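Data first, discussion second: the structure below is written as structure tokens.
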Amino acid sequence: MADAPGEGQGEEHVAADLEFRGVSKHYPGQDEPAIEDLSLTVSAGEICVLVGPSGCGKTTAMRLVNRMIEPSGGDILIDGVSVKDRSPSELRRHIGYAIQQVGLFPHASVAENIGTVPRLLGWDKQRISKRVDELLELVSLDPSQTRDRFPAQLSGGQRQRVGVARALAVDPPLLLMDEPFGAIDPINRERLQNEFLRLQGQIRKTVVFVTHDIDEAIKMGDRIAVLKKGGKLAQYAEPAELLTYPADKFVEDFVGSDRALKRLALQRVRDIDLWTVPTVRAGESTSEVQRKLADTDIDIPLLVDERGAPLGWLSARALSGERVQPDFRSDAAPVVDLDDVLRDALSNLLAHATQYAPVVDDQGAVAGVLSMEVVARFLKSASPGDARTGPELAAEESALEPHE
Amino acid sequence: MPGPVRSSRPRNRRSSRTSETDVTTPSAQVELRERTGEDCISNNGFCPEWIVENFDRYVDPFFEHIFLTVVSVGIGFAIAFSLALLAHRLRWTFRPISGVTQVLYTVPSIAAFFLLQPYTGRGNLTAIVALVAYTLFILFANIMTGLDNVSRDVKDAGRGMGLTDRQLLWRVELPLALPEILAGLRIATTTTIGLATLAFFAGGGGLGALIEQQLFFKSNVVVAGGLAVLLAAVFDLLILGLQRIAMPWRRVALA
């Protein structure tokens, strides 16, 4: 074990490349394989989400990485080195491991829990203690209040955070997470997901993340591997691609009939081409306004204040005189922010039963107009004319898999 | 076992009859005995004066009793613990071990004390062998329950972090099984203290010998029996205390 590569060095890695190479897993006495010929590559620093219905082998696939389960065939390489070349316990100490039920040791304090792997690797007490405090801060827990507590004294969310801190203890280049936020209520799950994404922005680990929830997969994943029953890889793609071009009927059904809306959740308003809008100030000459109207996508002038913030849409009567009359206008609401997620912005439009809304930047000045048409155009541009239709996909699916 | 003890005045059979009466008759005590004591004793009653006077005779058997208990439970624990570790590692050994310890547990205790004598002779050895046999089932069953009750997730997390089987056992599984293990120890100790009162059948001494000698003399039975009960209570509290010290995490969990 001591001679195995990487012993005592693992904490210096930043992130590792991970490759599944033709991996399969058959359990004796079972007709269907748990994993069948799985090949995929995860680049260093990426979150790869394994997603699929229960029994699709996603957890099995994850557990093959740290040899909690041994494959029947194929190989898994971490930074080009086969996991089979390292002893299971040595390998596991250099791979972060976080599971749904957290599995904190109930008889050990938070600090002892987090210090488990550092202790196994023979770190000295001072270094462990320093690292524990550092990690607690990283997962937004107050070290002085938390380090000496027992798991039973923590809330579910706090336990989950400690679980993540424990997995990161020796700064492993690779992190395995099995539904880490699965047992948390929706509000806290959302918070933990956001926190983890923020954390990942700092630490940039390679992460294998298992979930059955496609929304979580889309939110967390840089790339998503959709598995179907029998451990077959149905599709491995970036979230947007998965939603736009589901590889087959199974993936299409799995991502859900609202996949267009899900795609909107991946984009922010600033990412798409907005309509240009004629912005007008009170007292401006109407001829000037008419000239602006000719050059813009929308032919309704938007009244703004001195700083450019939207005040309201001007009616035809406002332009009837020589100068713009600011009183003849309708409310500018809803106002959308450039940083809003496209889905939320669209929802805002629908809630106000309106076709378009002004978009403002960080300073509150108008940056353009978001309209239903803009959203539709975006969806269309992301899935150009050759997008396959439902019946075509169904035909393809039945040709490929007559039994399913 | 002699019958006439019943009606005769209680005596310590270990010392000779004559010397005992001679030694214990200073004038003041004679007077006292005449008023209350003698009556009480001849009625086989509960006589505080007699108890105070004769307490010395209980000291040695009391320590014998502690010796029998501690040695039997100690050896029993060592054996049961080893068996439990074996059954934990090699699951198939669980049933045979459980079966054998269970059979040992069902042998009537008095029978065991007599059955063993041809092989182990009269004395402590026989008593201890029999008492050890009785502790095995309780201890083995409790240690196994404790190990089995450790949450799968905790074990999975431990293995997933790279603990070896041995590290998992000593750092995670056994500490978490401690409540059940100590509960087993408490039951085994209390049971052994009770059973050890029969150890005199095997010539093992202990408080039981005194009880049997003067079975109908209330003072004697109360003191000897009381000491056994006291012993059980003290051991129980000791193990409870140990439990609290060893498991701070359980206190907070319940708080």
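The values are calculated or read from the model by the stated rules, or taken from the named source; none is laboratory data. Given the structure is predicted, the values throughout are model-derived calculations rather than measurements. Positions of Cβ are generated from backbone atoms using ideal geometry, with glycine treated the same way; all protein chains shown enter the neighbour counts.
Go through the residues of region A:94-109 one by one and say whether even a single one is free of Cβ contacts under 8 Å to residues at least 60 places away in the same chain, under 25 Å from the mean Cα position of the chain (by Cα) and buried (at least 19 other Cβ atoms within 10 Å of the Cβ). Looking for residues that are free of Cβ contacts under 8 Å to residues at least 60 places away in the same chain, under 25 Å from the mean Cα position of the chain (by Cα) and buried (at least 19 other Cβ atoms within 10 Å of the Cβ), one finds none in region A:94-109, hence no. Would a scan of region A:266-284 turn up a residue that is under 25 Å from A:Pro53 (Cβ atoms) and of a type outside the set (Phe, Trp, Tyr)? Yes; the residues of region A:266-284 include at least one that is under 25 Å from A:Pro53 (Cβ atoms) and of a type outside the set (Phe, Trp, Tyr). Could you tell me which residue of region B:127-155 is modelled with the highest pLDDT, considering only residues that are of a type in the set (Ser, Thr, Tyr) and over 18 Å from A:Ser109 (Cβ atoms)? Within region B:127-155, the match that is modelled with the highest pLDDT is B:Thr145. When region B:212-255 is filtered for residues that are in contact (Cβ under 8 Å) with a residue 24 or more places away in the chain, over 22 Å from the mean Cα position of the chain (by Cα) and closer than 24 Å to B:Val73 by Cα, the ones remaining, listed by number, are B:Ala246, B:Met247. Among the candidates A:Pro143, A:Pro118, the residue that is touching a residue at least 40 places away in the same chain (Cβ under 8 Å) and under 25 Å from A:Val14 (Cα atoms) is uniquely A:Pro118.
Just so you know, in region B:137-172 the residues that are farther than 22 Å from A:Leu175 by Cβ and acidic (Asp, Glu) include one that is farthest from the other protein chains (Cβ to nearest Cβ), and it is B:Asp148.
With respect to the numbered conditions (1) small (Gly, Ala, Ser); (2) crowded, with 22+ Cβ neighbours inside 10 Å; (3) at pLDDT below 90, which one is the sole condition not fulfilled by B:Gly205? So the condition that B:Gly205 fails would be (2). Considering the conditions (1) part of a helix (DSSP H, G or I); (2) modelled with pLDDT under 95, A:Gln101 is excluded by exactly one of them, (1).
Determine if region B:147-170 includes at least one residue that is of a type in the set (S, T, N, Q), buried (at least 22 other Cβ atoms within 10 Å of the Cβ) and touching a helix residue (DSSP H, G or I) at 6+ places or on another chain (Cβ under 7 Å). No, there is no match, as no residue in region B:147-170 is of a type in the set (S, T, N, Q), buried (at least 22 other Cβ atoms within 10 Å of the Cβ) and touching a helix residue (DSSP H, G or I) at 6+ places or on another chain (Cβ under 7 Å). Against the criterion of being under 27 Å from B:Leu237 (Cα atoms) and either at pLDDT 90 or above or assigned to a helix (DSSP H, G or I) (or both), B:Gly158 does not qualify.
To keep it simple, each residue is scored yes or no on (1) away from chain B (no Cβ under 11 Å); (2) closer than 14 Å to B:Arg159 by Cβ.
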| site | (1), (2) |
| --- | --- |
| A:Ser82 | yes, no |
| A:Asp85 | yes, no |
| A:Arg92 | no, yes |
| A:Tyr97 | no, yes |
| A:Glu112 | no, no |
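If you check A:Thr206, A:Thr244 for being more than 30 Å from A:Val369 (Cβ to Cβ) and in contact (Cβ under 8 Å) with a residue 12 or more places away in the chain, only one passes: A:Thr206. Summed over region B:219-255, residues that are more than 22 Å from A:Leu154 (Cα to Cα), of a type outside the set (A, V, I, L, M) and either loosely packed, with under 13 Cβ neighbours inside 10 Å or within 14 Å of chain A (Cβ to nearest Cβ) (or both) total 2. When A:Glu70, A:Glu7 are screened for being assigned to a loop (DSSP other than H, G, I, E, B), closer than 18 Å to A:Lys232 by Cα, within 14 Å of another protein chain (Cβ to nearest Cβ) and modelled with pLDDT under 95, only A:Glu70 passes.
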